[in-house]
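Below is one structure; the comments refer to it alone.
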Amino acid sequence: MFMVVVAAVDRSERASTVIEEAETIATAFDDPVHVVHVLTRSDFLDMGRTAEKEAGKSVSMEQVREAAADVAQDAAGDLTVQSETMGLVGEPAKTILKYANEQDARYVVVGSRKRSPTGKAVFGSIAQSIILNADVPVVTTTTNGQ
């Protein structure tokens, strides 16, 4: 059966460790990697990626998707396994899980920060939400405070 490994990346240094782990899993199962990045419209504007913000024009969802796809493409870097990159728009955890289900993912790989239990309770976490709500196994990579 054809399955994929979904590597959910952000714009941080954690993306490279997510890609490395996804590649290791994909190699073991001979699966392709789908590198995904999710942006909300407000994330896009916060990135300062558009002249529309300064000109007062609206931002299209396609522009947001393209910016997210650029982040995924940058993170994919030197993958040596078959891969695809995808820019998605929406609430990150829900959007990643929906994509993983639609793609019949074998695994989802996410990066997380080491936080205290209090920090996790107060601030929440996209990775934590994915772990708690996924229908497939989730592999997390951890870095200190990044």
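Listed by first and then second residue, the pairs linking a residue in segment 37-48 that is among the polar types (S, T, N, Q) to a residue that is surrounded by 15 or more Cβ atoms within 10 Å (Cβ to Cβ) and modelled with pLDDT of 70 or more, with Cβ atoms under 9 Å apart and 6 or more places separating them unless they lie on different chains, are THR40/VAL64; THR40/VAL89; THR40/GLY90; THR40/PRO92. Taking segment 1-29 as the range and being at pLDDT 95 or above, of a type outside the set (Ser, Thr, Tyr), farther than 15 Å from GLY77 by Cα and surrounded by fewer than 23 Cβ atoms within 10 Å (Cβ to Cβ) as the test, the residues that pass are ILE25, ALA28, PHE29. Condition first: surrounded by fewer than 16 Cβ atoms within 10 Å (Cβ to Cβ), among the small types (Gly, Ala, Ser), without any contact (Cβ under 8 Å) to a residue 40 or more places away in the chain and over 18 Å from ALA127 (Cα atoms). Can you find one or more residues in segment 59-81 that meet it? Among the residues of segment 59-81, at least one is surrounded by fewer than 16 Cβ atoms within 10 Å (Cβ to Cβ), among the small types (Gly, Ala, Ser), without any contact (Cβ under 8 Å) to a residue 40 or more places away in the chain and over 18 Å from ALA127 (Cα atoms), which makes the answer yes. For segment 98-116, check the following and say yes or no: at least one residue is part of a strand (DSSP E or B), at pLDDT below 90 and surrounded by fewer than 18 Cβ atoms within 10 Å (Cβ to Cβ). Yes, some residue in segment 98-116 is part of a strand (DSSP E or B), at pLDDT below 90 and surrounded by fewer than 18 Cβ atoms within 10 Å (Cβ to Cβ).
The values are calculated or read from the model by the stated rules, or taken from the named source; none is laboratory data. Because the structure is a prediction, the values reported are computed rather than measured. Backbone-built Cβ (ideal geometry, glycine too); neighbour counts: all protein chains shown.
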